[in-house]
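Colleague: There's a structure below that I have some questions on.
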Amino acid sequence: MFFVGTFELSIDTKNRLSIPYVIRSKLSPDQDGRSFYVLPGRREGTLDIYPDHAYERGKASSPSADALSDDGFEWRQFFASQTSLVDPDAQGRILIPERLLARADIDTKEKVVLIGVQDHMELWDQKKFEAFRNRLWPDYPRYLSEAARERSELSSASPETPDA
């Protein structure tokens, strides 16, 4: 599944987020899975949401616990403890754990934004996303050019590197 787009949504009083139909309709239970992994995002103040099969494929190449240093194993323990596996209900809603919402400082009383980031989705506080978008728009041509250059450099260095 290739995720793109921006969706302005709400989180209900039970901390459920409705995955938009346009996304749900493209997911294949056999290829993508039925559940989602929710975890702190790479960018502070966001949560990453991955289809379960894609997330598990990405983690499958991780070294065994015995091969890790004590620090590496400790990080693995911490990282896994901050990740939740959630199942959508019949209406396509997933329950976002309160501890993750609090860690990302996402206010459930305000609107949120779900964006597609190719291999996953990100959940943002709407105001933080608007600030992010407003900061990048004026330099859109420069960012586009730099991304194309970086993608080209990475592709020539490793032909199996996915697009940026």
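Colleague: How big is the dipole moment of the stretch 1-88 about its Cα centre under a simple scheme where the beta carbon of each Lys and Arg is +1, that of each Asp and Glu is -1, and everything else is neutral? Debye, nearest 20, please. Kindly include the intermediate steps, with their values, before the conclusion.
Modeller: Working: 10 positive and 13 negative charges, 76 e Å.
The dipole magnitude comes to about 360 debye.
Colleague: Which of the lysines could a cross-linker bridge to LYS14, judged by Cα under 18 Å and excluding same-chain residues fewer than eight apart?
Modeller: Here the lysines satisfying the reach criterion relative to LYS14 are LYS109, LYS111.
Colleague: From the Cα trace of the chain, what convex hull volume per residue do you get, rounded to a whole Å³?
Modeller: Roughly 143 Å³ of hull volume per residue.
Colleague: Here's a follow-up. Which net charge results for the neighbourhood of LEU100, defined as the other residues with beta-carbon distances under 15 angstrom from its beta-carbon, given Lys and Arg at +1 and Asp and Glu at -1?
Modeller: -1
Colleague: Compute the distance in nm between two label points, each set 7 Å from the Cα along the Cα-to-Cβ direction, one at ARG34 and one at ALA148.
Modeller: Label at ARG34, label at ALA148, 4.4 nm between them.
Colleague: Let me ask another. Per residue of the stretch 15-25, what does 6.51 cos²θ - 1.76 cosθ + 1.60 with θ = phi - 60° give for ³J(HN,Hα)? Whole Hz please, x for Gly and Pro, Karplus curve as stated.
Modeller: 6, 9, 10, 8, 6, x, 4, 4, 7, 4, 5
Colleague: First measure r as the distance between the Cβ atoms of SER155 and PHE132, then evaluate 1/(1 + (r/R0)^6) with R0 = 41 Å and state the FRET efficiency to the nearest 0.05.
Modeller: 0.95
Colleague: Given the -39500 (n - 2.57) contribution per DSSP H run of 4+ residues, what per-residue ellipticity at 222 nm results for the chain, rounded to the nearest 500 deg cm²/dmol?
Modeller: The helix-only estimate for the chain comes to -10500 deg cm²/dmol at 222 nm.
Colleague: Something else about it: List the pair-distance distribution P(r) of the stretch 57-98, using every Cα-Cα distance, as the percent of pairs falling in each 5 Å bin from 0 up to the bin containing the longest distance, rounded to whole percents.
Modeller: P(r) for the stretch 57-98, in whole percents per bin: 5, 18, 19, 19, 13, 11, 10, 4, 2.
Colleague: Summing Lys, Arg as +1 and Asp, Glu as -1, what charge do residues with Cβ under 13 Å from the Cβ of ARG76 carry, ARG76 excluded?
Modeller: Every neighbour counted, the sum reads -3.
No lab work stands behind these numbers, since they all come straight from the coordinates. The structure displayed is predicted, hence computed values, not measured ones. Virtual Cβ from ideal backbone geometry, glycine too; neighbours counted across all protein chains shown.
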